[in-house]
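A.B. asks: There's a structure below that I have some questions on.
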Amino acid sequence: MKDKTYTLYGAPLSLYSGKARAYLRFKQIPFEEVFSSLKVYKKIIVPNTGVRFIPVLKTPDDHYIQDTSVIIDQMEDDFPERSVVPSGVKQNLVSHLFEIWGDEWLLIPAMHYRWNHDNFPFIHEEFGKIIMPNMPAFIRRYVGKKAGAKFKGFVPLLGITDKSIPAIEDWYENHVLTCLDKHFAEHNYLLGTRPCRGDFGLMGPLYAHLYRDPAPGKLIKRIAPNVVRWIERMNRQKQPLGEWLEDDQIADSLLPLLRRLFEEFWPVLRSTNECLNNWIMDNPNKDKLPRMLGEHEFSIGKATERRAVSSFHQWKLQRILDHYFALNKEDIRQADNFLTSLGVPQVMKIRIDHRVVRRNNHLFLDQLTSSL
């Protein structure tokens, strides 16, 4: 293992920083965390990544990696010890599914419970630390309220409205937390006594927003104590390696979560692929993608609402499909049998006419597939 120290630019309030931090700790990769103040953004993050997103991991040879999925990809290659990638076909697929679900779909309750519940002045002060970390608390709260308004503005873009909020809260409190609490009562992690990349996908929203913020923190501690123990276990500095469940098993306690993932989240990914095709038809001379590709409809429970179409979802969908189609015939058969048992036999059969690629941390059309 390399003995040089990495640098993680992140923040306690940052959803994806929680994911990266827990991963680096489990892997026992030596790193120091630097708080991403406004000064750090201006002098380090933006000049070296071209974007204003955290976390960012700086390698010992001064290479800057942005996006937690890419960070995990790279670190798994560089540090194969203590791998978070199961060898079983079903377990590896489920691990990928929970990563994208945690990253992109649990973002909905994470943002709702942060901005629509009583987390103030705590959150305002947290944002104020980014701008004026050394100023008194009352000044940080004042400037943080203005800075936080930008992030609060993303809430309706995620489809979080008066119409959808009751269904979002019912889904999160009575399905997500209930199922996960039952699962973690019997298993340390999603797939046994060893965390997979899916665990780290869940860690982002469940820690930074839904555990650490005051209002949802009280909620999760009251109704999901086993999830709380999992969060605290994921944050430990030293964790035993552990084992995956034998014979590529998927615990029955995860099946309701997977079925609802395919029922509610997967249609959003399918629709994103269709919206990208429509955007290309309307913008034939453009190759750099905007962050938003218009709007589409989605459903949670009995509620139907509209939300912004994220071009980033297309890149994340490709990762799942690439993993699936890279399997050999026998492994695909095993994966398909498992998906059939969930009631979604053809769910991976999505045609991607136009692939997207990341270049300098921005999304572009892949000119090779776009010209076919």
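A.B. asks: Quote the relative contact order of the chain in percent (integer), defining contacts as alpha-carbon pairs under 8 Å separated by 6+ residues.
C.D. replies: Averaging sequence separation for qualifying contacts and normalising by length gives 19 percent for the chain.
A.B. asks: Which whole-number value in Å² is the accessible area per residue of the stretch 292-372, probe 1.4 Å?
C.D. replies: Ligands and nucleic acids excluded, the result is 52 Å² per residue.
A.B. asks: What is the dipole size for the stretch 124-175, taken about its Cα centre, with +1 at each Lys and Arg Cβ and -1 at each Asp and Glu Cβ, in debye to the nearest 20?
C.D. replies: 480
A.B. asks: Give, rounded to the nearest 20 debye, the magnitude of the charge dipole that the chain has about its Cα centre when Lys and Arg contribute +1 at Cβ and Asp and Glu contribute -1 at Cβ.
C.D. replies: The dipole of the chain has a size of about 1440 debye.
A.B. asks: Moving on to the next point. Full extension from THR59 to HIS175: what is 0.36 nm times the residue separation minus their Cα-Cα distance, to one decimal in nm?
C.D. replies: Gain on extension, THR59 to HIS175, equals 37.8 nm.
A.B. asks: Mind checking which of LYS349, LYS58, LYS39 has the largest fluctuation in a GNM of the chain, springs on alpha carbons under 10 Å?
C.D. replies: LYS349
A.B. asks: First check a/c for the stretch 1-149, with a ≥ b ≥ c the square roots of the eigenvalues of its C-alpha gyration tensor; if it is under 1.5, answer rounded, and if not, answer prolate when a/b is larger than b/c or oblate otherwise.
C.D. replies: Note, shape of the stretch 1-149 comes out oblate.
A.B. asks: Pick from HIS323, HIS96, HIS183 the residue whose mean-square fluctuation is largest in a GNM of the chain, springs joining Cα atoms under 10 Å.
C.D. replies: HIS323
A.B. asks: Per residue, what accessible area does the stretch 138-251 have, given a 1.4 Å probe and all protein chains present, in Å²?
C.D. replies: That works out to 46 Å² for each residue.
A.B. asks: Relative contact order (percent) for the stretch 23-96, with alpha-carbon contacts under 8 angstrom and 6 or more residues of separation?
C.D. replies: With pairs under 8 Å counted, the relative contact order is 22 percent.
A.B. asks: Here is a further query. Multiplying the sequence separation of LEU241 and ASP162 by 0.36 nm and subtracting their Cα-Cα distance, what value in nm do you get?
C.D. replies: 24.0 nm
A.B. asks: Longer than 22 Å from Cα to Cα, which of LYS42/LYS238; LYS19/LYS146; LYS288/LYS316; LYS150/LYS286; LYS145/LYS221 are they? Say none if no pair is.
C.D. replies: Exceeds cut-off: LYS42/LYS238; LYS19/LYS146; LYS150/LYS286; LYS145/LYS221.
A.B. asks: Still on this structure, please answer the following. If you count the DSSP beta bridges with both ends in the stretch 1-67, what percent of them are antiparallel, to the nearest 5?
C.D. replies: Percent antiparallel among DSSP bridges in the stretch 1-67 is about 55.
A.B. asks: Just going by the charge dipole of the chain, with Lys and Arg at +1 and Asp and Glu at -1 on Cβ, which of GLY242, PHE298, ILE130 is farthest out on the positive end?
C.D. replies: ILE130
A.B. asks: For the chain, what proportion of DSSP beta bridges, expressed in % and rounded to the nearest 5, is antiparallel?
C.D. replies: 80
A.B. asks: Turning to a different aspect of this structure: Could you work out how much longer the chain between GLN346 and HIS323 gets when fully extended? Use 0.36 nm per residue separation minus the Cα distance between them, nm to one decimal.
C.D. replies: Between GLN346 and HIS323, full extension yields an extra 6.7 nm.
A.B. asks: Rounding to the nearest 20 debye, state how big the charge dipole of the stretch 27-154 is about its Cα centre with +1 on each Lys and Arg Cβ and -1 on each Asp and Glu Cβ.
C.D. replies: Using only the charged Cβ atoms, the result is roughly 980 debye.
A.B. asks: Going by the alpha-carbon gyration tensor, a ≥ b ≥ c the square roots of its eigenvalues, is the stretch 282-349 rounded (a/c under 1.5) or, if a/c is not under 1.5, prolate (a/b greater than b/c) versus oblate?
C.D. replies: Oblate shape, in that a/c is at least 1.5 and b/c is the bigger or equal ratio.
A.B. asks: Using only alpha carbon pairs under 8 Å that are at least six residues apart, calculate the relative contact order of the stretch 110-168 and give it in whole percent.
C.D. replies: 33
A.B. asks: Here's something else I'd like to know. Going by a ≥ b ≥ c, the root eigenvalues of the Cα gyration tensor, does the stretch 119-202 fall in the rounded group (a/c under 1.5), the prolate group (a/b larger than b/c) or the oblate group?
C.D. replies: Oblate.
A.B. asks: For the chain, set up a Gaussian network in which alpha carbons nearer than 10 Å are linked by springs, and say which option among PRO284, PRO345, PRO109 fluctuates the most.
C.D. replies: The residue with the greatest mean-square fluctuation here is PRO284.
A.B. asks: Rounded to a whole number, what % of the accessible area of the chain do carbon and sulfur atoms account for, probe 1.4 Å?
C.D. replies: Within the chain, the accessible surface is 51 percent carbon and sulfur.
The values are calculated or read from the model by the stated rules, or taken from the named source; none is laboratory data. If you're wondering where the values come from, they're calculated on a predicted model, not measured in any experiment. When we count neighbours, we look across all protein chains shown, and the Cβ atoms used for this are built from the backbone with ideal geometry, even at glycine. Ligands, DNA and RNA are stripped out before the accessible areas are found, and what is left, the full protein with its side chains, is counted by its heavy atoms. Shrake-Rupley method; radii C 1.70, N 1.55, O 1.52, S 1.80 Å.
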